[in-house]
Every structure is written in structure tokens, then in C-alpha cells.
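**Q** Got a structure here, written out as C-alpha cells. Questions coming.
The values are calculated or read from the model by the stated rules, or taken from the named source; none is laboratory data. No experiment lies behind these values; they were computed from the predicted model shown. For neighbour counting, all protein chains shown are included, and Cβ atoms are generated from backbone atoms with ideal geometry for every residue, glycine included.
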Amino acid sequence: MSNKKETKKSSIQLKTKIPGPKAIELLARKEHNVPKGPFNTIPTFAVKGEGALITDVDGNTFIDFAGAIGSLNVGHCPPKIVEALHRQIDAYLHPCFHVMMYEPYIELAETLNRITPGNHKKKTFFLNSGAEAVENAVKIARKYTGRKAIISFERGFHGRTYMAMSLTSKVKPYKYEFGPFAPETYKWPYPYYYRSEFDSPEQLDAALLQRFETFFQSEVPPEEVAAVIMEPVQGEGGFVFPSKRFVKGVKALCEKHGILFIADEIQTGFGRTGKMFAIEHFDVVPDLVTMSKSIAAGLPISAVTGRAEIMDSPNIGEIGGTYGGSPLGCVAGLEVVKTIVEGDLLSRAEIIGKSFQNRFEKIKTHYPQIGDVRHLGAMCAIEFVTDAESKTPNKDLVQEIIKIAHQNGLIIMTAGLYGNVIRLLTPLVITDEQLDEGMEVLEKAIHLCCQKSKSI
């Protein structure tokens, strides 16, 4: 019998430095043919994805903790979804729902009407992107209420089209020099307990809710507000989590003044937080829900689901789009929901989140540069600062950590108003071994960079 310790086979396989020679050639072609505006997280090109792994053109295999910015909750190329897509491709590609309808559109609408929060009668229609879903939710809210004003939240992100960009809070890179923006859009503060000057979350919540009542006196009367749109967890804003007390307080204000409550579940939906939709954590039933990203395992489709009487307020032809609710997106969406339920991925999200918290809370005690470690299900974040007292955002440290992680086979990306948050959006189908290996790469990168910054 051998006394050698058995070594686990690594999921990460690196054959070249990143970028490798083939990626460098493609980067040159990209530079020549693609504008510089679209950002890229890692400087290489994919050729194959499976589960939580993705392989590039140079044969390097990475563990993916970015998940196409939250679009791959069920992983890269889930077999049952791929099979369903092949069946659909063999039948028809796109007759356009506005020309000749097709059953998968109705089936997915029925499914979303059933699984979104609330027992009231609902209706759903489909579009192409998260930003389009937001734009149309605003149109529907205005049509139903006869009001014009829309309220979003500081640090919120709702997309890059003009209304969605107007509702988005981060100036650079999303809004700088792209104005003027849509009128009748307003912003409320969103609680950030880690950075609060109040003694307790309860005090901050109470102060903010009181400010909202004052806002109606100083900025816009509630009778002119059609809707409040809220991310139940702020995504691009830094994976910032509100309390149930705060969210319920906002919903109560909406109900008091006849304002619709829109839950933006584009990044938080389809199991990411341990519930099918994040708003379920807060015991609030929204009037409208916007969805995209993981709705269809990465295929471009989005949805607006809402109370039937609200959704029916636009007349025939007033909402829609040529590619909205493509057959491929619809059949993928149906299989995604089955995969989440049959694979118990809601429980898996909780396991991923607890594993993350247990590991990185321990690391936090060693380094003052780690300001906060937080998660809701598998929506996980680490916030980095220059020191614990000032809490000054430390973007440079985050960039160093990410660079080292990428070179060691882990794909991660940033979030936050100042880019000082590392966010993790692992596919929920990730294996325990892959999760541990990826977290170990991240942990080593943090150790290396934090020790280096302490010695400077």
C-alpha cells in the first residue's frame, strides 16, 4: 500500500500566462475592430464552458466566480437546457410573437406568473434585456397610474438605455457625458449599514424612511409618483443588503400614496440569494417584477411580470418588440426553472453563501484592509478599505487581488461605487471541490496583496 498522500485533481488547468498567444492575437483583432467602450473582465477568449468551468483559446481552464455577471446560476451549458435548445432549433427559430405566436412564450409566462411573489392574478410579457424590462416596467407604471415621476435609489443600477441609465446612480462609467437624461426621475438613499454614521441599523432605517416623507414635501408630491423601483439587493452598487424593516417601510409608503413598487430582480432572481426571488426575503409582494440574466441560462431574454390589471393597462401595440420572448429564450427559461427546482439550487445557494462566510470572516480578522464580508445566499461580497477606522475605499488593492486571481485560474470581478468590492456570482451548480479550490485561490491572492500593502 502506498504511503503517498492522495492529491486532488485540480479543476484549474493553466497552460500559458494570461493572455496566451492565441488570446493576444484575438486582442489585436478586437482592438482594430471593436470600440473600446465595452469592458472586459479578463483578457482572453472562451471556447468551451461547462458547469462552473470555462476554457479559453489557449487551453487554460478557469473556475468561474463571475457567472456572466449573474447570468449563469445554472452554469455553463446545462445539458438539459442544451438539449431543449437543439429541439427548438430543429422546429423553428423565430416566427416573431407579433406575427405568429408560439406555445413556449405562453408556457414561460404561465410559469413566471406562478413562481413570482404574490397570490394575485398576474400577467407576463417578454423582451430582450434587463434594461428593456426596466424601460417597459416604467411605461406600464406610468400608463396605469397616469403619473410621471419614477423614484430609484442611490448606488442603484438598472441598465444602460436612456430611462434605465437615468434611474442608475453611478456616474462613471455609466452616465458621464451621456446626458441629458430622462426627466421626472428621482433618487432616494439606500441603507449601507457598514458605512452608516448611525449607532444601529434601526436608527438608519428610521431616519431614511422619515426623509422619504420629507422628500414628498420638498421634491415631488406623491400624487405625481408612478413607481418606486428597487433592487432588493444592490448589485453593481456593491452587493449592499437592506433590512426587512427598510424594504417593508418603503412598500408601506408606496401603498399609502398609491405608488407602484417595482422589484428589479435582474441580478438577484432565479435562486441567487437562496430564494427564487430576493424580494421574498423581505416579506414584500411587488406590483411589478423585472427579470433577465439567469432567466434563460445566458440567452438574451427578459421579462416583466405584474398584477394583471396593471399589465393590461397598455393598449394593443403599445408594448413589445420584434425579438422579445424568442422561442429559444422561452424554452431555455422553462428548463432553467425546472433545473433550479429539481436540483434544489435554492438550498445550494445557502450552502455556497455559508461556506464563503465561514472562510472569509476568519481572514477578515487578520487584515484591516478587509472592511466587510457579506452575503445573501450565494450573492457574496468582500469590501476592501485602506484601514478599518477611515473605511476609505481601496480600489487599487482590489485590482491587484483580481489580477493575481486571474493569473491563477479564478475569474472574479468588482462592484461598488468605488470599485472596492469583490463580488462572487458562482454558478449554483458548482461542485464542493471547485468551490473550495476557487476560494483557496482568492484567499491566497488576498493574503499576498494585503501583506504586501501592510509592508509598504
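**Q** Please tell me if Thr273 is buried (at least 21 other Cβ atoms within 10 Å of the Cβ), in a loop (DSSP other than H, G, I, E, B) and touching a Gly at 6+ places or on another chain (Cβ under 9 Å). Outline the logic, then answer.
**A** Values: buried (at least 21 other Cβ atoms within 10 Å of the Cβ): yes; in a loop (DSSP other than H, G, I, E, B): yes; touching a Gly at 6+ places or on another chain (Cβ under 9 Å): yes.
Criteria met by Thr273.
**Q** Given (1) touching a helix residue (DSSP H, G or I) at 6+ places or on another chain (Cβ under 9 Å); (2) assigned to a loop (DSSP other than H, G, I, E, B); (3) not assigned by TED's automatic domain parsing to the domain that holds Tyr174, where does Pro95 come up short, assuming only one miss?
**A** Failing condition for Pro95: (3).
**Q** State whether the residues of segment 123-134 include one that is in the same structural domain as Thr185 (by TED's automatic domain parsing), free of Cβ contacts under 8 Å to residues at least 12 places away in the same chain and within 23 Å of Arg307 (Cβ to Cβ).
**A** No, segment 123-134 contains no residue that is in the same structural domain as Thr185 (by TED's automatic domain parsing), free of Cβ contacts under 8 Å to residues at least 12 places away in the same chain and within 23 Å of Arg307 (Cβ to Cβ).
**Q** Residue under question is Ile295, and the condition is that it be in the same structural domain as Lys139 (by TED's automatic domain parsing), closer than 16 Å to Leu72 by Cβ and touching a residue at least 24 places away in the same chain (Cβ under 8 Å); does it hold? First the steps, then the outcome.
**A** Working: in the same structural domain as Lys139 (by TED's automatic domain parsing): yes; closer than 16 Å to Leu72 by Cβ: yes; touching a residue at least 24 places away in the same chain (Cβ under 8 Å): yes.
Yes: the conditions hold for Ile295.
**Q** Tally the residues that are among the hydrophobic types (A, V, I, L, M, F, W, C) and part of a helix (DSSP H, G or I), restricting the search to segment 19-61.
**A** Initially, segment 19-61 is screened for residues among the hydrophobic types (A, V, I, L, M, F, W, C), giving 23-24, 26-28, 34, 39, 42, 45-47, 52-54, 57.
Filter once more, so that each one left must be part of a helix (DSSP H, G or I): 23-24, 26-28.
The qualifying residues number 5.
**Q** Follow-up question, since we're still on this one. Determine whether Gly416 is small (Gly, Ala, Ser) and touching a Gly at 6+ places or on another chain (Cβ under 9 Å). Walk me through how you get there before you give the answer.
**A** Details: small (Gly, Ala, Ser): yes; touching a Gly at 6+ places or on another chain (Cβ under 9 Å): yes.
Answer is yes for this residue.
**Q** Another question, then. Kindly provide the set of residues from segment 220-244 that are in a helix (DSSP H, G or I) and among the acidic types (Asp, Glu), ordered by number.
**A** Our first condition is that a residue be in a helix (DSSP H, G or I); within segment 220-244, this holds for 222-224, 244.
Within segment 220-244, Glu223, Glu224 qualify.
**Q** For Lys175, state whether it is surrounded by fewer than 21 Cβ atoms within 10 Å (Cβ to Cβ) and touching a residue at least 24 places away in the same chain (Cβ under 8 Å).
**A** Details: surrounded by fewer than 21 Cβ atoms within 10 Å (Cβ to Cβ): yes; touching a residue at least 24 places away in the same chain (Cβ under 8 Å): no.
Criteria not met by Lys175.
**Q** Can you run down the residue pairs with Cβ atoms below 7 Å, 6 or more apart or on separate chains, where the first is in segment 429-456 and modelled with pLDDT of 95 or more and the partner is loosely packed, with under 15 Cβ neighbours inside 10 Å?
**A** Glu433/Lys8; Glu437/Ser10
**Q** (1) under 30 Å from Lys143 (Cα atoms); (2) in contact with a Cys (Cβ under 9 Å, 6 or more places away or on another chain): which one isn't true of Ile319, the others all being true?
**A** Every listed condition holds for Ile319 apart from (2).
**Q** Quick one: how many residues across segment 168-203 are among the aliphatic types (A, V, I, L, M) and over 27 Å from Ser390 (Cβ atoms)?
**A** We begin by selecting, within segment 168-203, every residue among the aliphatic types (A, V, I, L, M); these are 171, 182.
Of the ones still in play, those that are also over 27 Å from Ser390 (Cβ atoms) are 182.
Counting residues in segment 168-203 that are among the aliphatic types (A, V, I, L, M) and over 27 Å from Ser390 (Cβ atoms) gives 1.
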